[in-house]
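Remarks on the structure that follows.
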Amino acid sequence: MMPWLLTCLVGTHIFLEGQLIDAFDYPTAAAARQVWRDHADRGTSSPVDLVTDDGRPVLELSVPFATQPQLDRVYMDRHVRLNLATSGEVSLELKSMVPEAAGRISLYFRSGDGWYASGQGLAAKGWQTLRFSKAAFTVEGRPAGWHQIDGIRIAVWRESPVDFQVRFRALRAVQHDVALIIPAARSQSELRGALQAAEDVGEILAELGLGSDAIEDEALATGALGDRKIAILAHNPDIPDTAVDALVKFIEQGGKVFVCYQLPAKLAAALGFAESTYFRPSRSGELAEVRYDAPDVTGLPASMQQASWNIISAQPAAFNARIIGRWYDDAGKDAGHPAMLLSDRGAFFSHIILRQDGDRKKQMLAAVLGHLVPSLWQDMADNALAASRRIGHLEDYASLIEFLKASRNAEVATHLNEVLQLQTRADEKQKAGQFADVVQLAGTIHDQLAKAYALAQPSRPVEGRACWNHSGTGAYPGDWDRTARELAENGFNMVLPNMLWGGVAHYASEVLPRSQTFEKHGDQIAQCVAAAKKHGLQVHVWKVNYNLSTAPREFVDKIQREHRNQVAVGGQPEKWLCPSHPENFQLELDSMLEVARLYDVDGLHFDYIRYPDHNKCYCDGCRSRFEQQTGVTVAKWPADCFSGDLQEKYIQWRCDQITRLVKAVHDEAKKIRPDIAISAAVFGSYPNCRTSVAQDWPEWIKAGYLDFVCPMDYTQSDLSFIGLVTNQLKLVGGRIPVYPGIGQYRLADDRTVGQIFLARELGAAGFTMFDLSRESIGTAVPAIGLGAGRQKATPSHQSN
């Protein structure tokens, strides 16, 4: 038997299937209900049912989000006995009967006193397979380990107020050739960052068509690597000696190992590397780029962007080890440190692999893994050819070609002709077994199709085309003129720069402490407004309300001494201003009105205009103010308000605290500047956000407090995006323009353009891109400018 064999209880039968955990094909509905028990937070749910789909029985879970609007999720549980220590991925086959209405699907595994949890959005109509790498699971509580799984939970989260059903037909454990070694749950402080690094690498591997199996380091000593071909350590602080010994044994038996950042001496020697040295740069930008020089490593990019803040460098020692990449700074000068080493036995990268410059990171991993394990190239080639034809919002190649041929732009046809020639070459290379060449050609095909798709987008004369800028410095710190010019050249007409928080400002504020950004680069609002007016852009200054995470320590200490910070239901202090405190209300109001008085801005933009979550705020001041303003007496604080008889009244009272600031800013800012626009970045899923974070934004719109709204619809699933925007447009009812927020930072450029297309088709009056950065202004912004932003447009709220 394979070492990853599972033993699990499914229904009334024991399966020793290796991969299958549950087929959901119970003989009767009663039998299914004996195994799977349904639940609903703050509501009731219908029992799971058994229905026939595609000629076989499947399990069906009813999701009553319309009839029970208080529900955040519906879930079902079952007991199991599973050892998943050597399996690296779990797949779930399911179908939502109204896919655009479903939010994230969460999969939980209970282990002793804790849980492993992960979630994904739906990506297609009909049956689909969601794949959950163990690297993507977060830890809740203190689980005993993946080898002791005693329960499973599958949850459906609210996206839209619609009743629907979700069907399930298979839950499997999966094994791949590539192992991703993750830390066991030892140190919570280190674990989150380590798992995030592993998840980032795992996503790249999935995009390459390889997949990966996340295996805890403590399981390596028991032979968990099995017959896999390569193991990757994305970030493994304090790896146990037993795990290092197991990896050395794996190498000696012919396995390959790719290590990032930490390099234990024994593992380094086994790979042929030595002399590991820690280096921390003295300034930002000293480590900005990796340049490669290894002609024999097929597909290796010439360079890749990587803004690392420290590294551990090494030197070649044995097994034909050599340096194949070196660090360069932001001025293009050699930084004097090796970045990547390669030997016959494996590779070493001197830092963790960051998300920055994702396409070339993917190229690098494909090249190095294919060099170490040539048999991986065929899987990557097959996947690359299929992926090259998936562009934008279109589900298949035939639809893509039909869409492109309908364009009146002559450049589209030119790119299509080039694609046909490239496809012929790719087919020839595939037949000849030259798979590395196929991967490179597939990338070129995708780029040509993506450019044709961008060129085929129409450009509207009236449309809000906005971008959030989180840094507050534009894409080029110290050069707002260049940022504004490049945005305008690509058809954008609005910029929403983050210029102030709950406790800091990037301008000459007399209300809030001035930031290091202000001290280094000067008044960012003044510079932004001057550049924007020169290039025809509107400026809507973005404030992060209440949040003190960026405030100077002395400011936070002052707030806490004065008992003005939020407090969790369990009594823990939070670095957020309490919205009900009179002095905090005045501080928030004064800081936003200061911007309206001092600068010729086009608008004020709320963000974080909410509580952090449903657990806050329960400070003593909230109790007294709640009792005074509502006339009720709270006998058991905070229990009565958090989960007792006063829960609904307290939810409404929290909403009132947020709404009163929105109203006050609207009323007072319009007195200063009648033409100033008031807007907000809001949670995409409503009414969830009313209950969870007290953000009742549709009521602000009904009351006339906003001139446009930007729901944060950051999702990689076009179906989820459609569901969110459809519900938002229905809630707004045409009162003001809706500019849906698109999470460009999570999407390829063609997918960003695709969600702009979908927003338009659904009736949105524009879009807002997150985030404007040095990277996005060189990739996503020009992609939008090719078609959707080709002609200048008047913002929709200005034309009303």
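The values are calculated or read from the model by the stated rules, or taken from the named source; none is laboratory data. Keep in mind that this is a model prediction, so the values were computed, not measured. Quick reminder, even Gly has a Cβ in these numbers, built from the backbone with ideal geometry, and neighbours come from all protein chains shown. Heavy atoms of the whole protein, side chains included, go into the accessibility calculation; ligands, DNA and RNA do not. Shrake-Rupley method; radii C 1.70, N 1.55, O 1.52, S 1.80 Å.
The table that follows gives values for the structure above.
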item	result
Derived scalar couplings ³J(HN,Hα) [segment 222-230; Karplus, 6.51 cos²θ - 1.76 cosθ + 1.60; whole Hz; x for Gly, Pro]	9, x, 5, 5, x, 9, 5, 9, 8
Separation between Cα centres of segment 338-402 and segment 229-247, rounded to whole Å	23 Å
Segment 526-594: GluC sites (Glu not before Pro) in DSSP loop, at most 13 other beta carbons within 10 Å	E562
The chain - share of DSSP beta bridges that are antiparallel (%, nearest 5)	65 percent
Solvent exposure ordering (accessible area, 1.4 Å, most first) of S549, S284	S284, S549
Alpha carbon centroid spacing (whole Å) that separates segment 505-535 from segment 654-714	25 Å
Solvent-accessible area per residue for the chain (1.4 angstrom probe, square angstrom)	40 Å²
Among Y739, S284, V98 - extreme Cα towards positive end, dipole of the chain, charges at beta-carbon	Y739
Filtered trypsin sites (Lys or Arg not before Pro), segment 405-514: DSSP coil and at most 10 other beta carbons within 10 Å	R408
Note, ³J(HN,Hα) from phi for segment 408-415, Karplus 6.51, -1.76, 1.60, rounded to Hz, x at Gly and Pro	8, 7, 5, 5, 4, 4, 4, 5
Residue among Q572, C528, C617 farthest towards the positive dipole end of segment 521-652, charges placed on Cβ	C528
Taking the chain and dividing mean pair separation by its residue count, relative contact order in percent (alpha carbons under 8 Å, at least six apart)	10 percent
Per residue, the convex hull volume that the Cα atoms of the chain enclose (Å³)	173 Å³
Candidate aspartates and glutamates - alpha carbon under 12 Å from K670, same-chain residues fewer than 8 apart omitted	D602, D707
Debye intensity ratio in log₁₀ form over the Cα atoms of segment 595-726, taken at each q of 0.16 Å⁻¹	-0.88
Of all accessible heavy-atom area on segment 418-469, the percent that carbon and sulfur account for (1.4 Å)	50 percent
Unit charges on C-beta of K, R, D, E only; dipole of segment 508-566, Debye	140 debye
Probe 1.4 Å - accessible area at M499, Å² to nearest ten	0 Å²
Residue pairs, from the table K616/K649; K534/K671; K95/K125; K702/K730, whose Cα atoms sit over 19 Å apart	K534/K671
DSSP-loop trypsin sites (Lys or Arg not before Pro) across segment 221-321, with at most 14 other Cβ within 10 angstrom	R283
W309, W127, reordered so the largest accessible area comes first (probe 1.4 Å)	W309, W127
Whole-Hz ³J(HN,Hα) from phi, Karplus 6.51 cos²θ - 1.76 cosθ + 1.60, for segment 78-95, glycine and proline x	8, 8, 8, 10, 10, 10, 9, 4, 9, 8, x, 8, 10, 10, 10, 8, 8, 8
Debye log10 I(q)/I(0) for segment 217-356, one point scatterer per Cα, at q = 0.15, 0.17, 0.20 Å⁻¹	-0.73, -0.91, -1.19
Accessible surface of segment 182-303, 1.4 Å probe, proportion on carbon and sulfur as whole %	47 percent
Carbon + sulfur, % of accessible area of segment 746-800 - ligands and nucleic acids excluded, 1.4 Å	46 percent
Charge dipole (debye, nearest 20) of the chain; +1 at Cβ of Lys and Arg, -1 at Cβ of Asp and Glu	840 debye
